[in-house]
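One structure is given here, and the rest of the page talks about it.
The values are calculated or read from the model by the stated rules, or taken from the named source; none is laboratory data. In this text the structure is predicted, and so the values were computed from the model without any measurement. Every residue, glycine among them, receives a Cβ derived from its backbone with ideal geometry; neighbour counts consider all protein chains shown.
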Amino acid sequence: MRCLIAIWLVSLFTAVPESSAETVVRVGILAFRPPEITRRQWAALPPLLETVLPDTRVELVVLGYPEFDAAARAGRLDFMLTNPEHFVLLRNRYGATALATLVRLEDGRPLVELAGVIFTRADRPDIETLDDLSGKTVAAVAEEALGGYLLGAWELQKRGIEVRYRFTGQPHDHVVSAVLRREVDAGMVRSGVLEAQAAEGKLRLGAGSPLKILNRQPQNEFPQLHSTARVPEFPFAAARHVAPETARAVTRALLAIEPGDVLARQAQIAGFRPPADYTPVELLMLRLRAHPEELKQFTFADVMLRYRQPLTAMASLLLVVVLLAGLLLHSHRRLRTAAADNRRLLAEAQEFALHDALTALSNRRHLEDRLHLALARARRNDQQGALIYLDLDNFKPLNDQYGHALGDKLLCEVARRMREVVRESDTVARLGGDEFVVLAPDLGNDPAEAVEAARVLAEKLRLALAAPYFLIQEGGGQVEHRVTASIGLALFTGDTEPVELMRHADEAMYAAKHGGRDRVVVEATL
């Protein structure tokens with residue numbers, strides 16, 4: 001009997017509870033606001049994910065940039081919610097993959113983009129425009145901050161405005177405090193930070209505000225205060241080691257969030273949508289020499305750009321020794337002004353060189369750049385995509401009868417209709433004349449589903465372009481004209497060669513034209 005009792009006691013105290021076998025999943029959240037606010041906003045995320053991940057405990061880890069990078073490098077994060085520029089770095093360094101894009105709420109309106117805000121104190125009459133910041137000290141969050149540095153830095157750089165940056169670190173609230181305490185002349189934060197501080201009673205906006213916004217942009221399409229161009233919102237990403245079934249379960253849970261859910265109310269979001277196209281962010285990083293895959297050749301021009309101020313001081317000291325100091329200093333100032341103008345013109349020329357002058361669609365060069373990015377992404381994510389080649393039928397008679405001016409109007413209307421049909425992540429390009437191309441990446445990894453999605457898109461384009469066109473002549477009369485489109489479609493994977501892809505899509509288009517026009521012909525997957 002004593003032996004049986006002893007055995008029972010040993011088994012009782014050595015039994016392992018079922019909960020000890022549970023899996024721990026860690027979600028890293030970038031704290032662009034104070035950590036306690038960020039934790040409170042996203043407190044409902046772990047319970048939500050635990051409902052779709054059986055026997056799993058989800059931990060929320062709120063981090064700044066240095067801690068975030070260290071945790072990602074050590075493999076301590078399974079999922080990540082961070083800014084798009086930081087995501088590009090994590091993707092290239094550690095293989096992170098975007099699952100969804102955040103949709104925030106502002107006064108009941110869903111926001112799928114973010115921007116940068118450049119501001120100063122309202123009592124600074126010497127600073128009214130961005131040009132007034134030349135030579136001033138500007139507070140920014142960190143070199144990795146998109147809204148809190150990169151967007152604003154590009155806005156200044158393309159105007160040739162040189163400033164001294166002071167990085168405060170996370171959260172963005174530190175930048176606001178530095179400006180209010182007169183420690184710096186101006187500051188940069190991401191959109192929504194000033195509105196959030198106002199809602200918390202920490203800052204007054206509108207009449208009587210202690211701050212004024214520089215280069216303020218219209219708020220009819222984007223309701224938050226902003227000074228810069230807009231880019232897609234934060235991506236929710238999975239680490240490389242996360243199992244595909246786990247990533248799929250988390251993605252479904254995120255996309256199912258509704259505005260009235262507990263998480264949506266606490267985080268002040270509308271939910272999530274499929275991953276946005278972050279190519280504009282990568283182009284911005286390339287312009288600012290911040291892209292991880294750029295080959296940074298440190299040239300004499302880079303030395304001049306980085307060390308311009310100390311080199312100018314040394315040159316000025318030497319010029320004092322010579323009799324022509326005044327003339328040389330005057331020439332130096334003129335050269336600096338000319339260099340700033342040249343940089344601004346170069347930035348504008350680079351933008352112009354990527355788009356068709358008539359329709360404002362992407363041109364062949366821009367299409368090739370986007371195609372290379374799409375193929376690299378398809379190879380990395382095992383995705384399929386499609387290239388859709390369109391040639392207008394019955395376009396030449398309009399030019400012959402009414403002239404090129406009316407033909408140009410029809411081409412512009414064709415471009416507008418195509419932009420309305422395609423997805424935000426697709427690229428519409430005009431190759432010349434009446435030939436157009438649509439690049440549709442990220443159609444999934446199932447060939448049958450990919451070809452069906454591409455066919456549906458091509459049919460939508462065909463129907464949209466077949467509707468009648470009502471064109472106004474120079475004299476005021478109206479001309480009704482109809483055109484159709486012969487459409488060729490070729491699928492691609494990450495191993496597809498760009499030249500072969502264009503050739504196959506072109507051949508499919510000619511097959512559609514020879515087959516009777518106004519139809520879609522599908523080439524095989526390459």
Restricting to the stretch 147-169, and then to whatever is small (Gly, Ala, Ser) and part of a helix (DSSP H, G or I), can you tell me which residue is surrounded by the fewest Cβ atoms within 10 Å (Cβ to Cβ)? Ala153
Given the options Ala96, Ala139, name the one that is in the same structural domain as Ala243 (by TED's automatic domain parsing) and surrounded by 21 or more Cβ atoms within 10 Å (Cβ to Cβ). Ala96
Residue count for the stretch 172-217, restricted to those that are acidic (Asp, Glu) and over 28 Å from the mean Cα position of the chain (by Cα): 3
Looking only at the stretch 473-492, decide whether some residue is within 26 Å of the chain's Cα centre (by Cα) and either more than 11 Å from Ala386 (Cβ to Cβ) or surrounded by 20 or more Cβ atoms within 10 Å (Cβ to Cβ) (or both). yes
Consider Leu105 carefully, then state whether it is in contact (Cβ under 8 Å) with a residue 40 or more places away in the chain, under 30 Å from Ala247 (Cα atoms), surrounded by fewer than 20 Cβ atoms within 10 Å (Cβ to Cβ) and not assigned by TED's automatic domain parsing to the domain that holds Glu195. yes
Yes or no: the stretch 462-483 includes at least one residue that is among the β-branched types (Val, Ile, Thr), touching a strand residue (DSSP E or B) at 6+ places or on another chain (Cβ under 7 Å), within 30 Å of Ala376 (Cβ to Cβ) and in a strand (DSSP E or B). no
Among the candidates Ala376, Ala338, Ala347, single out the residue that is modelled with pLDDT of 85 or more, small (Gly, Ala, Ser) and assigned to a helix (DSSP H, G or I). Ala376
Only strands (runs of 3 or more DSSP E) wholly contained in the stretch 204-280 count here; list those with 2 or more residues that are surrounded by fewer than 18 Cβ atoms within 10 Å (Cβ to Cβ). 211-214
In the stretch 413-428, what residues are over 10 Å from Leu471 (Cβ atoms) and part of a helix (DSSP H, G or I)? Val414, Ala415, Arg416, Arg417, Met418, Arg419, Glu420, Val421
Every residue in the stretch 222-235 that is within 17 Å of the chain's Cα centre (by Cα) and under 27 Å from Gln266 (Cα atoms), please. Phe222, His226, Arg230, Val231, Pro232, Glu233, Phe234, Pro235
Exclusive hit being within 27 Å of Ala512 (Cα to Cα) and loosely packed, with under 11 Cβ neighbours inside 10 Å, set Asp391, Asp408, Asp400, Asp356: Asp400
For the stretch 168-183, check the following and say yes or no: at least one residue is touching a strand residue (DSSP E or B) at 6+ places or on another chain (Cβ under 7 Å) and small (Gly, Ala, Ser). yes
When the residues of the stretch 170-191 are filtered to those that are of a type outside the set (Ser, Thr, Tyr) and assigned to a loop (DSSP other than H, G, I, E, B), which remaining residue is surrounded by the most Cβ atoms within 10 Å (Cβ to Cβ)? His172
